[in-house]
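Read-outs: derived from the displayed coordinates by stated rules, not from any lab. The model shown is predicted, which means the values in this text are computed figures rather than measured ones. Neighbour counts are summed over all protein chains in view; Cβ atoms, including those assigned to glycine, are modelled from backbone coordinates with ideal geometry.
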Amino acid sequence: VAAAAAPGADDESSAGAKMPGGQCNRSGKAPTGPRGTRDREVHMAFKAMDLNLDSVIDDAELMYFMRNTIEAEEMMVEADTNCNGHISYDEFRAVMLADKDNNNHNTH
């Protein structure tokens, strides 16, 4: 006889991604809707910019995609919040989603 899990207990072994607000997406799929779509776009952009596949964007990779040195340096300063010389996915995502949110507020 299997013991039942306590109501509300998280099962760490079950597949699923945590969603905003503590909800769990047990399907393993990215959330749908505008934020889920934007998250996928940001993730794809990060993967495209991570040319050497080391899971961070360094200054050389950034320079490859930016228009000029000043723009690349500004992006590095803004995004590299832990000052390690690389932009992690979390740092990249924070900047990209903040830029999108700021653009939405400026157009209304």
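Quick notes on this one:
- Global form of region 37-101, assessed from the alpha-carbon gyration tensor, a/c cut-off 1.5: rounded
- Percentage relative contact order, region 37-101, counting C-alpha pairs under 8 Å, at least six apart: 34 percent
- In a DSSP loop and with at most 11 other Cβ atoms within 10 Å, there are no chymotrypsin sites (Phe, Trp or Tyr not before Pro) in region 38-98.
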